[in-house]
1. Could you list, ordered by first residue, the pairs with Cβ atoms under 6 Å in which the first is in the range 63-92 and closer than 28 Å to T50 by Cα and in the same structural domain as V152 (by TED's automatic domain parsing) and the second is of a type in the set (D, E) and assigned to a helix (DSSP H, G or I), at least 6 apart or interchain?
2. Name the single residue, out of those in the range 77-108 being among the β-branched types (V, I, T) and under 18 Å from A172 (Cα atoms), that is surrounded by the most Cβ atoms within 10 Å (Cβ to Cβ).
3. Does the range 151-168 contain at least one residue that is at positive phi and at pLDDT below 95?
4. Does S162 count as surrounded by 22 or more Cβ atoms within 10 Å (Cβ to Cβ) and farther than 27 Å from S49 by Cα?
5. Can you tell me which residue is farthest from P144 (Cα to Cα) among those in the range 72-105 that are part of a loop (DSSP other than H, G, I, E, B), polar (S, T, N, Q) and more than 15 Å from the chain's Cα centre (by Cα)?
6. Of all residues in the range 40-66, which are hydrophobic (A, V, I, L, M, F, W, C) and either at pLDDT below 95 or part of a loop (DSSP other than H, G, I, E, B) (or both)?
7. Which condition from (1) at pLDDT below 95; (2) surrounded by 10 or more Cβ atoms within 10 Å (Cβ to Cβ); (3) part of a helix (DSSP H, G or I) is the one that E69 breaks?
Amino acid sequence: MNTRTRVLTGTALAAVIGAGTFGAVSASATAAPAAAVAKKDDDRNFTTSTHLTVDAATRAARAALDAAEKENQRVTVAVVDRNGNTIVTLRGDGAGPQSYESAERKAFTAVSWNAPTSVLAGRLAQTPNLKDIPGTLFLGGGTPVQAKGAPVAGIGVAGAPSGDLDEKFAKAGVDALDK
């Protein structure tokens, strides 16, 4: 390649790179549109809800697991928030593989209806279709956690030989929150 061709090629290349750089700089320098902000003065559009902290959920789960272990029961304990999302799950030593999902589903069921799952299981005779709702489990062992009468969380326990025992341990978790 002769000198003239090199100079022209280099100049053209520099122009292309310069234009690309200028375009990138000018594109990033443009102002982004302002985000829409709701008027905070209009409280009709907002609600406040109470949530269990991770520390409180862990304390409740630990208390339920400790209560089960005192009675030589191998269980799993799950704590879910008001929306049914798992906050913490503790699987005790030797707990069966089915207990993990069962504990979460019992907790979800208890918070969804703001009632212990043993009470809800009794309602299946009148409304058998309740059991068809995804994510629910109508067996004793789930209990809601309430604040001012409203459900804020659910505790589910699974793995003991009866739902009554599972629910007893779940209530120990709720009781730990009152301390």
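1. The qualifying pairs are A78/E104; T86/E104.
2. Restricting attention to the range 77-108, the residues satisfying the condition of being among the β-branched types (V, I, T) are 77, 79-80, 86-89.
Narrowing the set further to residues that are under 18 Å from A172 (Cα atoms) leaves 77, 79-80, 87-89.
Details: V77: 36, V79: 30, V80: 30, I87: 21, V88: 19, T89: 19.
In this case the residue turns out to be V77.
3. The answer is no, given that none of the residues of the range 151-168 is at positive phi and at pLDDT below 95.
4. On the way: surrounded by 22 or more Cβ atoms within 10 Å (Cβ to Cβ): no; farther than 27 Å from S49 by Cα: yes.
When the stated conditions are applied, S162 does not pass them.
5. Taking the range 72-105 and keeping what is part of a loop (DSSP other than H, G, I, E, B), we get 72-75, 82-85, 92-98.
Going one step further and asking which of them are polar (S, T, N, Q), we end up with 72-73, 83, 85, 98.
Among the residues that remain, those that are also more than 15 Å from the chain's Cα centre (by Cα) are: 72-73, 98.
On the way: N72: 24, Q73: 22, Q98: 21 Å.
Result: N72.
6. Kept after step one, since they are hydrophobic (A, V, I, L, M, F, W, C), are these residues of the range 40-66: 46, 52, 54, 56-57, 60-61, 63-65.
Answer for the range 40-66, where residues must be hydrophobic (A, V, I, L, M, F, W, C) and either at pLDDT below 95 or part of a loop (DSSP other than H, G, I, E, B) (or both): F46, L52.
7. Of everything listed in (1) at pLDDT below 95; (2) surrounded by 10 or more Cβ atoms within 10 Å (Cβ to Cβ); (3) part of a helix (DSSP H, G or I), E69 misses just condition (1).
So that you can scan it fast, the table gives a plain yes or no per residue for (1) under 17 Å from A56 (Cβ atoms); (2) in contact with a Lys or Arg (Cβ under 6 Å, 6 or more places away or on another chain); (3) not assigned by TED's automatic domain parsing to the domain that holds V88:
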{"site": "V119", "(1), (2), (3)": "no, no, no"}
{"site": "G122", "(1), (2), (3)": "no, no, no"}
{"site": "P128", "(1), (2), (3)": "no, no, no"}
{"site": "D132", "(1), (2), (3)": "no, no, no"}
{"site": "F138", "(1), (2), (3)": "no, yes, no"}
{"site": "Q146", "(1), (2), (3)": "yes, no, no"}
{"site": "V152", "(1), (2), (3)": "yes, yes, no"}
{"site": "G159", "(1), (2), (3)": "no, yes, no"}
{"site": "S162", "(1), (2), (3)": "no, no, no"}
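The values are calculated or read from the model by the stated rules, or taken from the named source; none is laboratory data. This is a predicted model, so every value here is computed, not measured. Reconstructed Cβ throughout: ideal geometry from the backbone, glycine too, with neighbour counts over all protein chains shown.
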